1. Below 19 Å, Cα to Cα, which lysines can Lys229 reach? Residues fewer than 8 away in the same chain don't count.
2. Go ahead and run the numbers for FRET between Gln207 and Asp185, Cβ-Cβ distance against an R0 of 25 Å, rounding to 0.05.
3. What's the exposure ranking of Asp43, Asp67, going from fewest to most Cβ atoms within 10 Å?
4. What is the order of Arg186, Arg111, fewest Cβ neighbours within 10 Å to most?
5. Identify all lysines with a Cα-Cα distance to Lys63 below 23 Å; exclude those on the same chain that are fewer than 8 residues away in sequence.
6. Can you work out the FRET efficiency for the pair Glu268 and Val166, with r the C-beta to C-beta distance and R0 = 22 Å, to the nearest 0.05?
7. Gly97: net charge of surrounding residues, Cβ under 13 Å, Lys/Arg +1, Asp/Glu -1, itself excluded?
8. Of Thr3, Thr83, how do they rank once you tally other Cβ atoms within 10 Å and put the fewest first?
Amino acid sequence: MQTNSVSIDGLDVRYWTQGSGSPLLLIHGLGEFMESWQYVIDDLSRHATVYALDLPGHGCSEKPPHDCSIEYYVRFILAFMDTFGISRAGLAGHSMGCPVCVSLAADYPERIEKIILVDPGGFEKRVSVGYRLATVPILGNILLAPPAFINHTTVKRGMRRQFLDVSAVPDDWIQAAVKHLKNPDRNDTLIKTIRHYTGVLNRRKPQEVIDKARRVRLPALIIHGRQDKVIPLDQGQKAWKLIENSELRIFDDCGHNPEIEKPKQFAEAVISFLNETPTDENVASEYAQGS
């Protein structure tokens, strides 16, 4: 797949695009990169024009000069769509990419067709101590691994909480993680984003995500790994209860990254959702069966 770059609001942004049909934008999570979607793009692109991108300050995209808030990333996605002449698109977000999708669906429903939330972050009222401490000056840079300590071994060891079976994670993804996590701008972007999201005492942002989720009326698919240790399943269930027209799919034997751990099952669920909006009865049935 050819890697491309485009200037968005003066920043050099890396992206992939493939396929034909209605546009589908793939938005990675905090600290991740577009390679996280590489195992599902071929299947998805048979049914949609797929765009995967590195958010500003992530992967190989340039770091924004100041703002790393959810609101900034919402504006950035709209600018990305405008640049490519996309009037309306489907969105798939992973982890902390999900509050961006929820905000777009709530505030700009005329621009969004459907949303897919993958192991969604942002629905917990109590933010973890680790995230809050990471926003403290100096301490944050200590808690977030310095680039000099990042290599194939340390990355794989650090992913044991993220994946149910880290030995099954493709080596090319580990190599991409090593490359991008060594980016000297990475920690600054992470700290700024976490600080905008919460801070040491601030609990306002999670409540904003929850309030916006209640306003979403577009069709939504929520996919969650049953064994996710990063964002537990109850957060996916909470998102399902908050978003009126939503469907929940639970993937067994899967951790925090279904798009990497269960790519075929993931692509099938997304394609089915894009092609057909479930009825209320189907939504209830999917949830009850834990599929």
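Every read-out reported here was derived from the displayed coordinates using simple, explicitly stated rules and does not represent laboratory data. Source: prediction; values computed, not measured. Positions of Cβ are generated from backbone atoms using ideal geometry, with glycine treated the same way; all protein chains shown enter the neighbour counts.
1. Candidates past the 8-residue exclusion: Lys125, Lys156, Lys238, Lys262.
2. On the way: r = 30 Å, r/R0 = 1.19.
The pair Gln207/Asp185 has a calculated efficiency of 0.25.
3. By the 10 Å Cβ count, ascending, the order reads Asp67, Asp43.
4. So the residues, fewest neighbours to most, are Arg111, Arg186.
5. Lys179, Lys182, Lys192, Lys205
6. Given R0 = 22 Å and the Cβ-Cβ separation, E is 0.35.
7. Once positives and negatives cancel, what remains is -4.
8. By the 10 Å Cβ count, ascending, the order reads Thr3, Thr83.
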